[in-house]
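The structure appears below as structure tokens.
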Amino acid sequence: MTTILDRRLTPARPDLAARHLMGQVEARAFADAVPMRVVAPSAPLRREPRPDAPLDTEALCGEGVDVYESFEGWAWVQLHDDGYVGYLPDDALRGDALKPTHRVSALRTFVYPGPSMKLPPLAALSLGAGVSVAGEAGDFVVLSEFGRFTSGYVFAGHVAPLDAPEPDFVTVAERFLNVPYLWGGKTSLGLDCSGLTQLALAAAGIASPRDSDMLEVGIGEPVAFDDSLQGLNRGDLVFWKGHVGILTDPDTLLHATAYSMTVMRERLRTARDRIQAKSFGAITSIRRIA
């Protein structure tokens, strides 16, 4: 029987594959992983090495990647955090970048060239981005480095140590209310349903897969439900075929949706009826994270 490997999670092409897959996949050549790190505020991970290729996800500043090939401005990589495979712009990566010590805990924050909000910012970082903090300067933390800059400054109240997760992932998700919908997006400038869920869970220290079908089988425990949709809890994840939302209370769904092209909040039953009639069909499962 032939094993079908998920192309999203398998660094293998007919011409090249990761060396650790030798004997499991057929390829003309195999390559060792070269560890690197994202040094751009965020980087698009595309299905093919061209700027107009579909956006599968985004890698955030500080995220580790394994690079298997670099060519013509692109790097073929596998992300460390969720294992996604695709093509990143190679100028977004560095092999000697420092490992993050902190994560951005605000929805979005600016990086300044000095400890003053009056200076023109160097860049903006989204929630979940990783930074290496070297010290403090008044109300700011000093970054050991930032991309091509030797240092940067971020408001101290907008970052948290990696070992200090948020107590409630639902509260994190609610910060994204009204953020625009973006297929494949994973930042506060735009994100999709599973990107919202993954980001919120990660802020609470819960690692999870990227896409909704992966989330549905890879996290939490199933919750029995019927048409009444009674007995549900805040934090339950509601799945359709190709969609996921988060309950902010037993009757209210928060989700990034193409229906409004935003992250929106609505009654669960209203969403259930509309989605079943017009898009993804019936609810396929509800899962609860312990």
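The largest-to-smallest principal axis extents of the Cα set in the stretch 59-124 are 41, 25, 21 Å. Sorting the segments 141-147, 45-51 by their residues' average number of neighbouring beta-carbon atoms within 10 angstrom, most packed first, yields 141-147, 45-51. Label positions at Asp6 and Trp183, each projected 7 Å from the Cα along the C-beta direction, are separated by 2.0 nm. Let me check I've understood the local charge: for Val39, count other residues with C-beta under 13 angstrom from its C-beta, Lys and Arg +1, Asp and Glu -1. What total comes out? Net charge around Val39: -1. The mean sequence separation of alpha-carbon pairs under 8 Å and at least six residues apart, normalised by the residue count of the stretch 17-94, gives a relative contact order of 29 percent. Can you classify the chain as rounded, prolate or oblate using the Cα gyration tensor, where a ≥ b ≥ c are the square roots of its eigenvalues, rounded means a/c under 1.5, and otherwise it's prolate if a/b beats b/c and oblate if not? Judged from the Cα gyration tensor, the chain comes out oblate (a/c at least 1.5, b/c at or above a/b). Near Ile246, once Lys and Arg are set to +1 and Asp and Glu to -1 for all other residues with Cβ below 15 Å from its Cβ, the sum equals -2.
When only Cα pairs below 8 angstrom with a gap of at least 6 residues are kept, the chain shows a relative contact order of 12 percent. Here, P(r) means the percent of Cα pairs in each 10 Å bin from 0 to the largest distance; for the stretch 17-94 it is 21, 54, 23, 2.
Since only Ala97, Gly86, Trp74 are under comparison, the one whose Cα sits farthest along the positive direction of the charge dipole of the stretch 62-122, derived from C-beta charges on Lys, Arg, Asp and Glu, is Ala97. Counting 0.36 nm for each residue step from Asn233 to Thr171 and taking away their Cα separation leaves a gain of 20.9 nm.
Sum -39500 (n - 2.57) across every DSSP H segment of at least 4 residues in the chain, then divide by the residue count to get the 222 nm mean residue ellipticity, nearest 500. Provide the component values of the computation, followed by the final result.
Numbers: 4 runs with 35 residues, N = 290.
Rounded to the nearest 500, the figure is -3500 deg cm²/dmol.
Could you tell me the relative contact order of the stretch 102-161? Use alpha-carbon pairs under 8 Å, at least six residues apart, and round to a whole percent. Computed over the stretch 102-161, the figure is 39 percent. The slack in the chain from Met261 to Ala29, taken as 0.36 nm per residue of separation less the alpha-carbon distance, amounts to 79.3 nm. Each other residue within a Cβ distance under 11 Å of Glu166 adds +1 if Lys or Arg and -1 if Asp or Glu, for a net charge of +1. Model label points for Leu16 and Lys241, set 7 angstrom from Cα along the Cα-to-Cβ axis, are 3.6 nm apart.
Compared with the alpha-carbon gap, the fully stretched path from Ala160 to Asp91 is longer by 22.1 nm at 0.36 nm per residue.
Kindly list the residues of the stretch 260-290 that lie in the label zone of Glu221, defined by a backbone N under 15 Å from the point 7 Å along the Cα-to-C-beta vector. Label zone hits: 286-290. In loop segments of the stretch 62-161 as defined by DSSP, the trypsin sites (Lys or Arg not before Pro) with at most 13 further C-beta atoms inside 10 Å of their C-beta are Lys118, Arg148. Taking amide H atoms as placed 1.01 Å from N in the peptide plane, list the residues 5 or more away in sequence, or in a different chain, whose amide H sits under 5 Å from that of Ser151. Amide H neighbours of Ser151, under 5 Å, 5+ apart: Phe146. Estimated from the Cβ-Cβ distance and a Förster radius of 45 angstrom, the FRET efficiency linking Asp273 and Asp52 is about 0.80. Overall form of the stretch 125-272: prolate. Here a/c, set by the Cα gyration tensor axes a ≥ b ≥ c, is 1.5 or more, and a/b is the larger of a/b and b/c. Once both labels are positioned 7 Å from their Cα atoms along Cα-to-Cβ, the gap between Lys99 and Ala282 label points is 4.8 nm.
Any read-out appearing in this document is the output of simple, stated calculations on the displayed coordinates, not a laboratory observation. Quick caveat: nothing in here was measured; it's all calculated off a predicted structure. Note: ideal-geometry Cβ built from the backbone for every residue, glycine included; neighbour counts use all protein chains shown.
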